[in-house]
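For reference, the structure discussed in these notes is given below.
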Amino acid sequence: MENTLKIPFLNNKQIEKTFHNPEEDISDLHTPDHVAIIMDGNGRWAGNRGMPRVAGHKEGVSTVVKIVKIAVKCKVKVLTLYTFSTENWKRPKSEVDSILRLPKEFLSIYLPELIANNVRIEAIGDMEDLPTHTREAVQYAIDRTKVNDGLQLNIALNYGSRHEILKAMKKMFTDLNDEKLSLDDLDEQHFSKYLYTTGLKDPDLLIRTGGEKRLSNFLLWQLAYTEFWFTDVLWPDFSETEFLHALKEYGQRKRRYGGI
Ligand code: FPP
């Protein structure tokens, strides 16, 4: 396939340097299979430094790189990152444009490393309404990584959970009408197949940075039995150490799924 992103391929030494982080102790971890993250606090991080909000989003990409690395190292199976919500269109156009340029910027630098580390890229959300450059960069990465079976990195772009559920219901009603589905077959597992996250295990752990304690229309169906971990740390300051802290605390939680 043509390298439409004009990606500067790194040599193995550079990849090893970027992805290898020997200081962190990951022994005795009870690693969650699926970690979802609401990456909040970029704007405040920039504001605290007298910088424009977009500088916070750019710094946020560096945190994404660090967290993907440590997630690979910890053998997390799925990492879902809330990158741009259906509500984020309400922000000033310059900020929206800037956030939507980040996937391409990120992938044009890091895709080779992601490939070298067996990461598979996926996206959830309504891709049709995104700018062509965002859609093409993400689709290129999805195509280039589809044979990988390591960490699945899910980028949530133009994602909103209520919209996802409504869309699923509309498709489901069409299938009922067309007799591709019968009401008797309809259960939670079956409904889940109509969501963007079809085939994925629900998140085991949700991390939200930036101090707020809400879900902001993220994975409302999928988070029914997820463990939540909140921190005041702003996303650009979030580190491998905090990520491991969340994983360690997760390992101590007793998950009963409504049982005793
Ligand atoms: C919320 O912080 C953050 C966003 C809306 C954008 C998050 C995007 C990134 C971190 C870049 C990710 C890039 C890739 C390629 C995965 P906020 O702006 O609402 O912060 P505030 O609450 O301090 O204003």
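Values in this text are rule-based calculations from the coordinates and carry no lab data. None of these values were measured; they are calculated from a predicted model. Cβ atoms come from the backbone with ideal geometry, glycine included; neighbour counts cover every protein chain shown.
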Review point. Which ones in the range 215-260 are touching a strand residue (DSSP E or B) at 6+ places or on another chain (Cβ under 9 Å), within 16 Å of the ligand (Cβ to nearest atom) and assigned to a helix (DSSP H, G or I)?
Key: Trp235, Glu242, Phe243
Practice item. Run Leu244 past the list (1) surrounded by 14 or more Cβ atoms within 10 Å (Cβ to Cβ); (2) free of Cβ contacts under 8 Å to residues at least 24 places away in the same chain and report the number of the one that doesn't hold. Key: (2)
Check your understanding: What is the number of the single condition among (1) within 27 Å of Pro52 (Cβ to Cβ); (2) surrounded by fewer than 20 Cβ atoms within 10 Å (Cβ to Cβ) that Tyr82 does not meet?
Key -> (2)
Review point. Of all the residues that make up the range 152-205, how many are in a helix (DSSP H, G or I) and buried (at least 18 other Cβ atoms within 10 Å of the Cβ)?
Key: 3
Check your understanding: So which residues in the range 227-239 are under 16 Å from the mean Cα position of the chain (by Cα) and buried (at least 19 other Cβ atoms within 10 Å of the Cβ)?
Key -> Trp229, Trp235, Pro236, Phe238
Review point. Within the range 175-189, is even one residue at positive phi and within 16 Å of the ligand (Cβ to nearest atom)?
Key: no
**Study point:** Tally, over the range 138-151, of residues that are in a loop (DSSP other than H, G, I, E, B) and of a type in the set (A, V, I, L, M, F, W, C)
**Key:** 2
Review point. Taking the range 76-133, which residues are within 22 Å of Gly150 (Cα to Cα) and of a type in the set (Ser, Thr, Tyr)?
Key: Thr80, Tyr82, Thr83, Ser108, Tyr110
